[in-house]
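Asks: To start, I am sharing the structure in question, which I have written as structure tokens.
The values are calculated or read from the model by the stated rules, or taken from the named source; none is laboratory data. All values derive from a computational prediction rather than experimental measurement. Every residue, glycine among them, receives a Cβ derived from its backbone with ideal geometry; neighbour counts consider all protein chains shown. Please note that ligands, DNA and RNA were not included when accessible areas were found on the heavy atoms of the full protein model with its side chains. Shrake-Rupley method; radii C 1.70, N 1.55, O 1.52, S 1.80 Å.
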Amino acid sequence: MLRKHLANLLVAAFAGLAGLAGSYAIAGFTPDFIAGPIAGFMARQIPAVVITFAIVVLGDLGHQLNLVGALAIAAGGLGVIAYGGLVLEDRLDRRFVAPVVAAVGGAVLAISITRAPLASISTGLATGIVVAVAESATVVPVKGTSAGRRRVIGGTGSALVFAVTGFLLGSRGDPHGATMNADLDLDDRTNEMAVSELLAEADEKSLAVDGLEPLVSDDFYEVDINATDPTVDADEWELTVTGAVTEQVGYTYDDIRAMPREHHFNTLRCVGESLNGKKLDNAVWTGVPIMDILEPAGVSDTCCVMLRAADGFFEQFPLAALRNGILAYGMNSQVLPRAHGYPARALIPGHWGEVNVKWLTEIEILEEEEEGYWEKRGWHGTGPVNTVAKLHVENRLEDGLIEVAGHAYAGTRGIQAVEVSTDGGESWSPATLSEPLPGDDVWRQWVYRYDPPNRAHEVVVRATDASGTLQPRQAAESFPNGPSGWVSKEIRP
Ligand SMILES: Nc1nc2c(c(=O)[nH]1)N[C@H]1C(S)=C(S)[C@@H](COP(=O)(O)O)O[C@H]1N2
Ligand SMILES: [Mo]
């Protein structure tokens with residue numbers, strides 16, 4: 001009896017895993033994948049203090065734990081349904097009740113979570129088939145193996161097949177059109193030249209330092225409230241301007257693409273990153289000035305604006321900041337990648353990353369302040385960025401010198417100087433900066449070479465913005481106002 005229960009449990013667990021694979025096979029890593037919305041739901045329900053702890057202390061590990069939890073819940077939920085089917089089958093003593101319950105129940109669970117029909121059918125089928133195979137295995141008599149054992153072997157084997165195929169199918173690339181690495185067809189020579197010239201300029205001005213990320217980032221960071229990026233169909237997408245306006249207006253993707261465009265360098269930095277973290281990156285963005293989008297709506301002169309997005313994210317900040325923004329649909333001469341907000345995102349120069357809303361769907365002009373997604377959770381991440389100089393590279397040169405390097409960023413204030421101390425802050429020397437790039441919201445690189453002392457020493461780095469203000473020394477965690485302080489690092493001979 002106990003054996004039978006154990007066999008049922010194992011089969012149900014494998015059926016749950018297979019269901020997960022069946023979902024992934026069709027959906028890939030998108031919100032159609034059953035674990036996607038669960039991870040998002042968990043992230044939204046978790047108390048603000050826990051989220052803050054996860055961001056400040058765990059960093060990206062927090063995200064991974066959230067995802068693992070969601071995967072376990074999804075597989076567990078499907079497994080419970082399959083187990084219910086097996087128990088019911090025993091009670092009713094009728095063959096193939098269990099696979100049907102597992103298949104239908106699995107599909108219903110999946111669709112109620114994802115609302116995605118195809119991926120849900122695939123989830124149910126995979127769950128049900130594993131139960132069916134396990135059950136059929138008991139019919140085939142194999143000498144010397146008990147029915148229970150055959151059952152488990154059947155379940156394991158078929159679940160394994162599903163897991164492998166599901167993984168391969170689901171990882172076959174972006175299932176939602178060529179939004180990754182698709183060339184941005186600007187359809188006019190002048191604009192295409194403009195983008196490639198900016199990219200070439202960044203390339204030329206990037207310092208030749210081993211291991212230092214160039215002025216246009218190779219690997220642009222990503223921060224999202226959800227584990228999976230939404231898949232927005234550009235043909236169905238609409239951006240509306242609502243709220244305190246004379247007339248509500250809406251734009252399609254084609255409308256936006258037909259408007260006069262601009263190309264800008266913009267650097268983004270996440271308020272939740274650690275002081276010397278890597279959530280600071282730069283790109284060439286192509287898009288339309290947000291002023292041009294607001295203009296036909298007749299925007300009242302109010303305090304603020306709420307940007308809303310297809311993934312349920314929303315952020316509020318001063319209208320004045322929005323007026324300098326651009327609505328970007330291109331990044332580094334490519335179509336804006338899905339991970340960075342396809343079809344279009346806001347770029348708000350000099351402000352923390354969170355107000356640069358991706359997958360933008362609505363610009364609502366507000367007459368009174370409201371809290372945004374992160375402000376509801378205690379953050380103050382809607383204003384201008386803090387000045388920072390990062391220290392990411394430490395190279396030992398052949399001539400015995402040490403080369404330290406990094407990036408510095410002060411939002412629209414600009415960077416005037418970076419200084420380095422190799423004696424823990426006693427004395428300071430100017431670092432060499434990369435030539436400035438055009439635009440008013442661009443980082444710079446810095447490098448400094450020195451003859452190291454023959455003992456452990458502390459290298460400290462600090463920036464001065466273009467208004468002459470020295471980066472504050474006072475150290476602070478990222479929560480709630482963004483990290484601050486001077487980056488320092490002990491270097492041993
Ligand atoms: N729709 C939406 N926009 C968003 C976010 C999000 O979760 N959803 N994250 C924000 C945060 S916190 C940051 S730091 C930036 C990061 O942009 P990136 O992922 O393109 O680097 O996007 C912002 N825009
Ligand atoms: Mo962020």
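Asks: Kindly sort His392, His457 by accessible area of their heavy atoms, largest first, with the probe set to 1.4 Å.
Replies: Largest accessible area first, the list is His392, His457.
Asks: Against the longest alpha carbon principal axis of the chain, how many degrees, from 0 to 90 and to the nearest 10, is the axis of helix 147-170 turned?
Replies: 30
Asks: Let me ask something else. Apply the Kirkwood formula to segment 272-426: the hydrodynamic radius equals the inverse of the mean of 1/r over all pairs of different alpha-carbon atoms; give it in Å with one decimal.
Replies: Details: mean 1/r = 0.0570 Å⁻¹.
Here the Kirkwood hydrodynamic radius works out to 17.6 Å.
Asks: Restricting to Cα pairs below 8 Å that are 6+ residues apart, what does the relative contact order work out to for segment 35-136? Please round to a whole percent.
Replies: About 23 percent, as a whole number.
Asks: Please compute the per residue accessible area over the chain with all protein chains in place, 1.4 Å probe, rounded to a whole number of Å².
Replies: 45
Asks: Would you work out the charge dipole size for the chain about its Cα centre, treating the Cβ of every Lys and Arg as +1 and the Cβ of every Asp and Glu as -1, and quote it to the nearest 20 debye?
Replies: Taking the Cα centre of the chain as origin, the dipole is about 3240 debye.
Asks: Hey, another quick one. Quick one: angle between helix 2-27 and the longest Cα principal axis of the chain, in degrees between 0 and 90, rounded to 10, please.
Replies: 50
Asks: Same structure again: If you consider only alpha-carbon coordinates, what radius of gyration and Dmax does segment 217-313 have, in Å?
Replies: Over segment 217-313's Cα set, Rg and Dmax evaluate to 16.1, 45 Å.
Asks: Taking every pair of alpha-carbon atoms in segment 70-152, what share in percent sits in each 10 Å bin, from 0 to the bin with the longest distance?
Replies: 20, 45, 26, 8, 1
Asks: Considering only DSSP beta bridges with both partners in the chain, what is the antiparallel share in %, to the nearest 5?
Replies: Here the share of antiparallel DSSP bridges comes out near 95 percent.
Asks: Give me the Debye-computed log₁₀ of I(q)/I(0) at q = 0.15, 0.16 Å⁻¹ for segment 27-99, equal point scatterers on Cα only, no solvent, two decimals.
Replies: -0.63, -0.67
Asks: What ranking, highest mean first, results for peptides 351-363, 87-99 when packing means the other Cβ atoms within 10 Å averaged over each residue?
Replies: Highest-to-lowest ranking by the protection proxy: 351-363, 87-99.
Asks: Using a 4.7 Å cut-off between beta carbons, which cysteines in the chain end up with no partner cysteine at all?
Replies: Cys270
Asks: Helix 60-92 against the longest principal axis of the chain: what's the angle in degrees, Cα atoms only, rounded to the nearest 10?
Replies: For 60-92 against the chain, the angle is about 10 degrees.
Asks: For the chain, with equal point scatterers placed on the C-alpha atoms only and solvent neglected, what are the log10 I(q)/I(0) values from the Debye formula at q = 0.06, 0.13 1/Å, to two decimals?
Replies: Taken in order of the listed q values, log10 I(q)/I(0) reads -0.37, -1.17.
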